[in-house]
Structures are given as structure tokens and as C-alpha cells.
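K.L.:
Starting off with a structure, shown below.
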Amino acid sequence: MKEILNFIHGEFVRNTSGKTFADRNPVDNTVIGQVYEAGRPEVDAAVAAAKAALKGPWGRLSVVERVGMLDAVAQEINRRFDDFLQAEIADTGKPAHLASHVDIPRGAANFQIFADTIKTMSTESFQMRTPDGKTALSYGVRVPRGVIAVVCPWNLPLLLMTWKVGPALACGNTVVVKPSEETPLTATLLGEVMNKVGVPPGVYNVVHGFGPDSAGAFLTSHPDVNGITFTGETRTGTAIMQAAAVGIRPASLELGGKNAATVFADCDFDLAVDTVTRSCFENAGQVCLGTERVYVERPLFERFVAALKARAEAMTPGRPFDKDTRIGPVVSKEHQSKVLSYYQKARDEGATVVTGGGVPDMPAALKDGCWVQPTIWTGLPETASVVTEEVFGPCCHISPFDTEDEVVAKINHNRYGLATSIYTQDIARANRMAQQIEVGLCWINSWFLRDLRTPFGGSKQSGIGREGGVHSFEFYTELRNVMLKF
Ligand code: NAD
Ligand code: 6OD
């Protein structure tokens, strides 16, 4: 049985408690490894290593030397592409074509982009006359924040972890990563990469475990952690913010969503159907930016519902490397139960089930896997559970609408504000709506199209702060003002 170890001060280590938990493959629910859960001693050791590394060789590197190391990390991820692919797929069950086009390349790109961005980062300066006729020159200096706790979810494990580790390291911080208990493999593998390219011990550390009373809580409440960056559920974000409040530490929070797509009758129909199919069902609906509410202008409603139904029914579930596979399982039995409980709620609340609504019939070898059917509902009021709450599964509710004001009001009537997408050929209307919908991210005639230099984050209960490009550096550095009189 594979042992999945913590990575502390450049070494793979077990724990003092002997406690382990199973890492399972969601395709068939088999155990693929035993993970050594970090207790307080391991979290203390990881934070101490990270703190010491700030003042060690890492802290003495020039920006150019650091950038060289991050470039090397990106290259090494690409060189070991297949190892990362196998690890990510073993943990998540996602189709290989998806992981090889999205997760792994972005894992490498997240180091490259922030290495590139930091090279040209500037700060402001001001000059003024002093009352005694001299000159005061003020200039900003960006200094690393210190030890950063990086707490990650399971849906895009490598992508979302490196999205934070890349800029944190580019800015000269050190990190302690707590991957999701569901997906420990790629964060662990990245430890090998760090050692291979010569990143000094203690700069990148990984502690495994759960949230409350486990590695997540021990890490985020640790007094030597100087900042916390978190991606996950809004409820967990509340606990993280409470932990950050003790010691007045900053927290960057990328949280849940209940994202809407708006489809106008004048849209490019095929593009809208293709893109909404992806936004609802890609990664089995486990993308924070995914669409779970679709609003279609009334004249197009029946045609759009029929087209999306056909596309959902063509999403063949299967093993990650099978060439016919279009959708994988959800991440765990626990998450499968949560998604299926929403499927039941939708029926109880009177939904018309256009397609799906249960578990697909799978061959015997995959029967124990965490499968759910791509599901579409219509006919529910705006107050229904699956129209208001994040399911995080391959499902959506489709409603007709008549006016732009009506659809904007419906979209905004939700506690989340992460992302939205608008399909229309009327670009003025799309831009008008983009300014009215309360979200951090708005796509027009597209979805999940990313330029890594742009600000990424959510409004309302979808998060606090923006990461991406120079915006990441706002969080991962502290701006110091130096004033000189001459
Ligand atoms: P989660 O909040 O359950 O867990 C995320 C991480 O937090 C895990 O590593 C977990 O062990 C840890 N954790 C849990 N409780 C903790 C605590 N009290 N203290 C410290 N750590 C704790 O989220 P998940 O189920 O892994 O991921 C799915 C959620 O993530 C969805 O809500 C999704 O929308 C959200 N998400 C948001 C974004 C974004 O960019 N906004 C991206 C991806 C996922
Ligand atoms: O693309 C990104 O940078 C990003 N943070 C994506 C988040 C996806 C959520 O599941």
C-alpha cells in the first residue's frame, strides 16, 4: 500500500501519532494509499521550518535567482507531466483529457506567470518640499509577508494550490500547504520537484489532514503563520477568518458560488450550448465557477432546454483514460451523497426532471464509484434549494426570462457573487449587464477563459480579496513606506 507522507523541511516524514487515513480513488472507491495525518507536532515543525527558511538561503536570494528557481519548478512539473497526471487522476477520477489540458499545464503555468510578473513589479514614489525648505522622498518597498498557510480544496488540487504557492514563493515567502484530505497526492509530489530543483528546505512544506481538530485548524491558528490563503466552502471560510482574527493576520478567501448563465435569443446558439454544457458539467460540475442556474430568454427556452438535454445525455461516464469518457465521478462517497440529496430535494420541491436525477448504471467493476448523472431541472421557483444553494455537482436549473432587468434582479438575489456568463450578440447589452451583476468575474460568450494577469475572486459571500497577476502581490507582500529627508 502506498504511503503518503508529510513534507517538512525538505524531507518526507510520517508522524508521531501513527494516525493514518485512507486515500480513495472515486472511480471505484478502492483505497490507493494511506495518508499520514499531521498532528500538532508536525504542524509546529512545518511552520518552524518555514519560519527559519525565511531568514536562510531563500531569504537571501535576489529576485532574479528566485525567478530562476520558479522557472525550474515549472519545467520540472512539465518534465514529470505523466506522474502529476496519474496522481491527480488517481485522487479525483477526472477524465485524462481534462486533467492533461487544464490541471497539470496550469500547475506549471502558475509558477511561470508569477515568476514573469514579479520581474517587472514596481512601487510608487513621491517627493515633497518640507517646511524647512528641504526635500522628502518617499518610496515603497514590497517585503514578503512571511509564513503563508495555504489551505486547498479537492476539485482542482494542483491548479488551485499552485495558484497560491506560485505567487507566494515569487514574493519571497515560505509556505505550509494543507491539501484537501481527499486529494493529497499532487501536493506531496511537488515536494520531490522542490528538492530536485534545489528550492531550500523549509520553503515548501506539506501537512496532511482534515479541518477542525486536525492539520487545517492547527495550521491556521498557529501564531507563527503570518497570512492565510484559502480556497473552499464559504462556511469553512468563516472558520478561517475567525482563526485569522486571532493575531490580526490577513486572509485571502476564494469561496463558493451559485453562478448564473444568461442566454439571450440573439446568441450564437451552438456556441452557447457548447459553452453552457462545459460550464454545467465539466469536472462533474465541481468547478467553483461552474453554472448551476441558467436563464434563457423565453423565445429560445424550449429549444435550449432540448439541446442541453441532448448534450447532458451524451456525457458518457467512465474511467479516466477510456477514450469515450466524457464525465468522471464526483470526488467521494460523501460528496456523492450530498449531490444526490439535492437531487432528491429538487424532486420534493416539485422540479421537472428534464434528464438525470440519480446514479448512472455502471459496469460491475465501477459500481462502488462515486457516480452521479448529469441533471437538468426546470419549473422551480427562485426560492427552491437547488436554485439558491451551491450543489457542486453536474446539474443546473433552467428558467425562462422576459427582460434584462428581470434576469439581473434574479441573478443578484443570491448570497454568492463569484462568476457569471452572458450569451448574446448585443455587446452593449452584455457590457451593461456586466456592470450590474454582483460578481467578481463575468464572461461574455465564453466561460473559464483565463488570463492569469487579471484579478480573480468573488463578491459577497464568494470571497474576500483578488489574486492573479500583480493583485496576488497585494496579498503576498506587505508594502513598506521609506521616507528620506535631504
Ligand atoms: P472545504 O471548505 O470543505 O475544504 C477546503 C479545505 O479546508 C480542505 O483542505 C479542508 O480540510 C480545510 N478545512 C476544512 N475545515 C477547516 C477548518 N475549520 N480550519 C482549517 N481548514 C479547514 O471545501 P471543499 O469541499 O474541499 O471544496 C469545495 C468548495 O470549494 C466549494 O464550495 C467550491 O465552490 C469552493 N471553491 C471555491 C473556489 C474559488 O476560487 N472561489 C475554487 C474552488 C473551490
Ligand atoms: O483559474 C483559476 O485561477 C482559478 N482559481 C480557478 C478556480 C476554479 C474553481 O474551481
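The values are calculated or read from the model by the stated rules, or taken from the named source; none is laboratory data. Keep in mind that what you see is a predicted model, and the values were worked out from it rather than measured. With ideal geometry, Cβ positions are generated from the backbone for all residues, glycine too; neighbour counts draw on all protein chains shown. Keep in mind that these areas ignore ligands, DNA and RNA; they rest on the heavy atoms of the full protein, side chains included. Shrake-Rupley method; radii C 1.70, N 1.55, O 1.52, S 1.80 Å.
K.L.:
Just to confirm a number: summing +1 for Lys and Arg and -1 for Asp and Glu over residues other than residue 387 whose beta-carbon lies under 10 angstrom from that of residue 387, what do you get?
P.N.:
-1
K.L.:
Restrict the search to region 375-438; then list the trypsin sites (Lys or Arg not before Pro) that DSSP places in a loop and that have at most 16 other Cβ atoms within 10 Å of their Cβ. Write out the running numbers ahead of the final one.
P.N.:
Values: sites: 410, 415, 429, 432; in loops: 415.
When the trypsin sites (Lys or Arg not before Pro) of region 375-438 are filtered for loop state and at most 16 Cβ neighbours within 10 Å, 415 remain.
K.L.:
Give me the dipole magnitude in Debye, nearest 20, for region 369-486 about the Cα centre, with unit charges on the beta carbon: positive for Lys and Arg, negative for Asp and Glu.
P.N.:
540 debye
K.L.:
Within the P(r) computed for region 117-195, what percentage of the Cα pairs occupies the region above 20 Å?
P.N.:
50 percent
K.L.:
Kindly count the pairs of lysines across region 259-451 whose alpha carbons are less than 20 Å apart, treating pairs on different chains or eight or more residues apart as eligible.
P.N.:
Close lysine pairs found across region 259-451: 4.
K.L.:
Give, in whole angstrom and from largest to smallest, the semi-axes √(5λ) of the equivalent ellipsoid of region 159-312, with λ running over the eigenvalues of the Cα gyration tensor.
P.N.:
Output for region 159-312: semi-axes of 40, 18, 13 Å.
K.L.:
Moving on to the next point. Rounded to the nearest 20 debye, what is the charge dipole size of region 259-451 about its Cα centre when +1 sits on each Lys and Arg Cβ and -1 on each Asp and Glu Cβ?
P.N.:
480 debye
K.L.:
Specify, per residue and in Å³, the volume enclosed by the convex hull of the alpha carbon atoms belonging to region 259-451.
P.N.:
117 Å³
K.L.:
Have a look at 222, 184, 159 and report the one farthest towards the positive end of the charge dipole of region 158-259, computed about the Cα centre with Cβ charges (Lys/Arg +1, Asp/Glu -1).
P.N.:
159
K.L.:
Among 201-208, 228-235, how do they line up from the highest to the lowest mean number of other beta-carbon atoms within 10 Å?
P.N.:
201-208, 228-235
K.L.:
Turning to a different aspect of this structure: Using +1 on the beta carbon of Lys and Arg, -1 on that of Asp and Glu, and nothing else charged, what's the dipole of the chain about the Cα centre, debye to 20?
P.N.:
The calculation lands at about 1340 debye.
K.L.:
Between 363, 168, 271, whose Cα lies farthest towards the positive end of the dipole of the chain when Lys and Arg beta carbons carry +1 and Asp and Glu beta carbons carry -1, centred on the Cα centre?
P.N.:
Checked the options; the winner is 168.
K.L.:
What does the convex hull of the alpha-carbon atoms of region 71-164 project to on average, in nm²?
P.N.:
Averaged projected area of region 71-164's Cα convex hull equals 8.7 nm².
K.L.:
Of the trypsin sites (Lys or Arg not before Pro) in region 89-134, which ones lie in a loop per DSSP and count no more than 10 other C-beta atoms within 10 Å?
P.N.:
Numbers: sites: 106, 119, 129, 134; in loops: 134.
When the trypsin sites (Lys or Arg not before Pro) of region 89-134 are filtered for loop state and at most 10 Cβ neighbours within 10 Å, 134 remain.
K.L.:
Let me understand the chain better: what is its radius of gyration from the alpha carbons, and its Dmax, in angstrom?
P.N.:
23.4, 86
K.L.:
Let me ask something else about it. Compare the Cα positions of 93, 146, 105 along the charge dipole of region 82-172 (+1 at Cβ of Lys, Arg; -1 at Cβ of Asp, Glu; about the Cα centre) and return the one farthest towards the positive end.
P.N.:
146
K.L.:
Using the eigenvalues of the Cα gyration tensor, what equivalent ellipsoid semi-axes result for region 420-486 when each is taken as the square root of five times the eigenvalue, whole Å, largest first?
P.N.:
In descending order, the three semi-axes are 33, 13, 12 Å.
K.L.:
To continue, here is another question. Of all DSSP beta bridges located in region 344-476, what percent are antiparallel, nearest 5?
P.N.:
For region 344-476, the DSSP antiparallel bridge percentage is about 45.
K.L.:
Under a 1.4 Å probe, what is the accessible area of the chain per residue, stated in Å²?
P.N.:
Heavy-atom accessible area per residue stands at 40 Å².
K.L.:
Here's a follow-up. For region 1-117, calculate the relative contact order in percent as a whole number, restricting contacts to Cα pairs under 8 Å that are 6 or more residues apart.
P.N.:
About 24 percent, as a whole number.
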